[in-house]
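Heads up, the thing below is written out as structure tokens.
Values in this text are rule-based calculations from the coordinates and carry no lab data. The structure presented is a predicted model; accordingly, all values stated were derived computationally and were not measured. Note that we place each Cβ from the backbone using ideal geometry, even for glycine, and neighbour counts take in every protein chain shown.
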Amino acid sequence: MAIHSQCWTLDAGAHADQYVALYESFEALHLTQAGYRGRRLLRGSQDPTHFTNIRFFDAESDYDALVHHPDYEPHIEAMGRHLDLSRPPIKEVVEVVVNSDRAT
């Protein structure tokens with residue numbers, strides 16, 4: 001299963017760069033979670049403030065356990081300081097129905 005979310009940063013420069021840096025540093029916490037299988041951060045080419053985040057887990061309960069980790073919320077809050085909240089983030093739990101991932 002996967003968690004798919006979208007958000008928009010305050011700008012395509014410093015805020016976007018900081019968002020990406022915080023996203024990268026967030027990997028350490030993800031690696032502590034059983035059932036975590038990886039993630040992808042995609043950035044819009046037409047709108048470089050638009051990001052799509054896809055996180056893969058064995059089960060939704062694995063993701064829920066990560067969300068309840070004491071270090072999760074402070075990191076999310078730090079990332080949120082770089083978001084344009086006039087365009088609220090969108091998040092959805094999705095099921096992987098085809099997997100032919102060869103991306104690097």
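Taken together, H30, H4 contain a single residue that is touching a residue at least 40 places away in the same chain (Cβ under 8 Å) and not aliphatic (A, V, I, L, M), which is H4. Taken together, E73, E77 contain a single residue that is over 16 Å from M1 (Cα atoms), of a type outside the set (F, W, Y) and touching a helix residue (DSSP H, G or I) at 6+ places or on another chain (Cβ under 9 Å), which is E73. Which of the residues spanning segment 10-52 are within 13 Å of the chain's Cα centre (by Cα) and within 19 Å of S86 (Cα to Cα)? Scanning segment 10-52 gives Y19, R43, H50, F51, T52.
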